[in-house]
Amino acid sequence: MSHDSSLIALVDWNRGGHNETNLREHAAALVSLGCRVAVLSPYPLRFDSPFITSLHFAPRIRSAAPASWKLSLELWRLQRKIRHLIRQAEQHFNQPCKLVFFSCLYAYESRHIHAAVTALSQPWSGLYLHVTGDARQYFPPTFKTLAALDEQAEGLFFPDVTNAETATTLLAQKLRDFAGKRPLISLTGYLQPSKGMMPLIDLALKDDLSDYAFAFVGELCRANFSSDQLAKITIAEKQSPNSFFHFHRLPNEASYNAVIQASDILYAAYIDFPHSSNTLTKAAIFEKPVIVSRHHLMERRIREFRLGEVVTQNDTTSIVQAIHRITADYPQWLVQQQPRWKEYREAHSQTALRQSFRQLLEIYDIR
């Protein structure tokens, strides 16, 4: 690495396993390109590389914050903190920051993004995670390009990378012991209605599906479910003999991946979800069939790379048929499908991410 390599600041104010993975993968990719990296995030992250410094901050980002003096104060504090941390990083590496890259941007954060960018003297860009409409209506006009996880979206394509680290965990062993010889269909992660959880709960309550095992693993976002939905989930917990429930946040990515490894089918039939999901990347890494809903990006990728089955969203009959197609004769399903797991892994790999960052640096004339 050259002595005068460029300093890039990676900023993320959202807490979540996917976001932490983004930060780590983004930092590694930039270091491999000869950059020095300052990571500004709500996580007290540790990095082995001397070319990465981690600066912890905990802003309050509220999607529904009213336009009041409290919000103005919140935005002012955010501006001060970002300026201070970037100066701190510049002092640490004894060189100016050349670019600020927001590793995870959502449209609902537009007021915070505008405030943060106004405070910067550096050029900026970021990864627009859930593309909805024209980015210019949400983000300041001062960016040269935004990155997106959708190949067909405007901007620079970024792969949906994920951490492949795994471990032997008691939870994963319990899952396999529970499933026995039955195929295990798992819904894992932050559990909310948009993940298509309720149709799977309906299947868990069916008496004629006892030859299958269902797993619901992750933090349950109770506030997003109706009282009737929560009551049905409680009934399933008490009455479904072929369902495994673990409503707790998984402590790290290795534990998450251990659950993926223990599963036979990954359930990702989300409701009205037009965006990318790194569940597909995990499916490709661990070579697990995945079930997704029609009409969106995930369907397009499933069909292109033959990673699994496509169902009508919120339709239990369609979901059961997909499960049957995979499990009735799994070796034959593999022969017929010939999943392109390897190609998908390569398309969403650290190598692909490094190439995307190389293009980004060229756009901003950072050599």
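The values are calculated or read from the model by the stated rules, or taken from the named source; none is laboratory data. Here the structure is a predicted model, which is why all the values come from computation and not from measurement. Neighbour counts run over all protein chains shown; Cβ positions are idealised from the backbone, glycine included. To get the accessible areas, we keep the full protein, side chains included, count just its heavy atoms, and leave off ligands, DNA and RNA. Shrake-Rupley method; radii C 1.70, N 1.55, O 1.52, S 1.80 Å.
Of note:
- The residues of segment 251-320 present an accessible area of 32 Å² per residue when probed at 1.4 Å with all protein chains retained.
- On the basis of the beta-carbon distance and an R0 of 45 Å, Asp329 and Trp76 show a calculated FRET efficiency of 0.10.
- In nm, spacing of pseudo-spin labels at Asn224 and Asp211 (7 Å Cα→C-beta vector): 3.3 nm
- Computed P(r) (all Cα pairs; the chain; 10 Å bins; percent): 5, 23, 31, 23, 14, 4, 0
- FRET efficiency, 1/(1 + (r/R0)^6) with R0 41 Å, evaluated for Asp365 and Ser194 via beta carbons: 0.55
- Residue ranking by accessible heavy-atom surface, 1.4 Å probe, largest first, among His296, His248 comes out as His248, His296.
- Violating pairs (Cα-Cα greater than 19 angstrom) within the set Lys181/Lys288; Lys98/Lys144; Lys288/Lys342; Lys174/Lys342; Lys238/Lys282: Lys174/Lys342; Lys238/Lys282
- Proximal lysines relative to Lys70, as straight alpha-carbon distance under 28 Å, when same-chain residues fewer than 8 apart are discounted: Lys81
- Note on surface exposure: Tyr108, Tyr212 rank Tyr108, Tyr212 by accessible area, highest first, 1.4 Å probe.
- Here the Kirkwood formula, the inverse mean of 1/r across different C-alpha pairs, assigns segment 81-184 a hydrodynamic radius of 16.9 Å.
- Surface share of carbon and sulfur [accessible, 1.4 angstrom probe, percent] for segment 124-258: 49 percent
- Rh (Kirkwood; distinct C-alpha pairs) - segment 277-367, Å: 14.6 Å
- For Lys282, the accessible area of its heavy atoms, probed at 1.4 Å with every protein chain present, is near 0 square angstrom.
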